[in-house]
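This report concerns only the one structure given below.
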Amino acid sequence: MYFAALLARTEDGWEASDTELDDVETLSDLSDLAREASVDDDTVLVYIEQEDAWFGVVRVDGEEDPRIYVSDAAAAARSSYGEILLTNELLGRDPGDDGVVDLESLDLDGTEDGEPEDEADDDEEDDVGTTSKGQIVPSGPIGDREVLADLGVDKKELLALDSTDALGEIAEVLGAAEVLEAVR
């Protein structure tokens, strides 16, 4: 199950609204949605979570480029909403590099030269995921770990959050827990 919400900072605090992402196909679409919710080009946070799997925070400040944090890139890669956040820039790829796996170079039977696969190789496979476009994505947190530092959630605290109620914990620190809970 997914949950998505916008938190817009105002001079009176935070305003929350739930949002549908059905018409959002790109990070640009998501940024535009956030800017529409902005009051006087102030900060807007877009929260997206897939229950117990991953969460993402996109911060939009006026016309600046969005800042993104995703708690688990490999888990997000298996989600159409997560793929919106996993841009080439975030993944450290050149825009021309599509990161698509060359299927002809893969060892599809799990063996090399007829030998059984090593058990250590199984662990390595758990450390990556692939998007629907075949792009390889690392497991674990990715993005701007300081995205919320000036709002009271530093890098260490952000990395310590698990996916069960991370957005609620972030909202609590921001003083926006009640408004966020009202839209859940």
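The values are calculated or read from the model by the stated rules, or taken from the named source; none is laboratory data. Small disclaimer: the values here were computed from a predicted structure and weren't measured. Neighbour counts are summed over all protein chains in view; Cβ atoms, including those assigned to glycine, are modelled from backbone coordinates with ideal geometry. All accessible areas refer to the heavy atoms of the entire protein, side chains included, with ligands and DNA or RNA removed. Shrake-Rupley method; radii C 1.70, N 1.55, O 1.52, S 1.80 Å.
Numbers at a glance
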read-out	value
Filtered residues of the stretch 141-175 (kept if among the small types (Gly, Ala, Ser), over 15 Å from residue 67 (Cα atoms) and open to solvent by 30 Å² or more (accessible area, probe 1.4 Å))	152, 160, 175
Of all residues in the stretch 41-88 being more than 21 Å from residue 153 (Cα to Cα) and hydroxyl-bearing (Ser, Thr, Tyr), the one that is surrounded by the fewest Cβ atoms within 10 Å (Cβ to Cβ)	80
Helices (runs of 4 or more DSSP H) lying entirely in the stretch 12-85 (those with 1 or more residues that are farther than 18 Å from residue 147 by Cβ and touching a residue at least 60 places away in the same chain (Cβ under 8 Å))	73-77
Residue identified as farther than 21 Å from residue 91 by Cβ, in contact with a Gly (Cβ under 7 Å, 6 or more places away or on another chain) and modelled with pLDDT under 90 among 41, 18, 23	41
Residue list for the stretch 1-40, filter: of a type in the set (Val, Ile, Thr) and open to solvent by less than 50 Å² (accessible area, probe 1.4 Å)	10, 19, 24
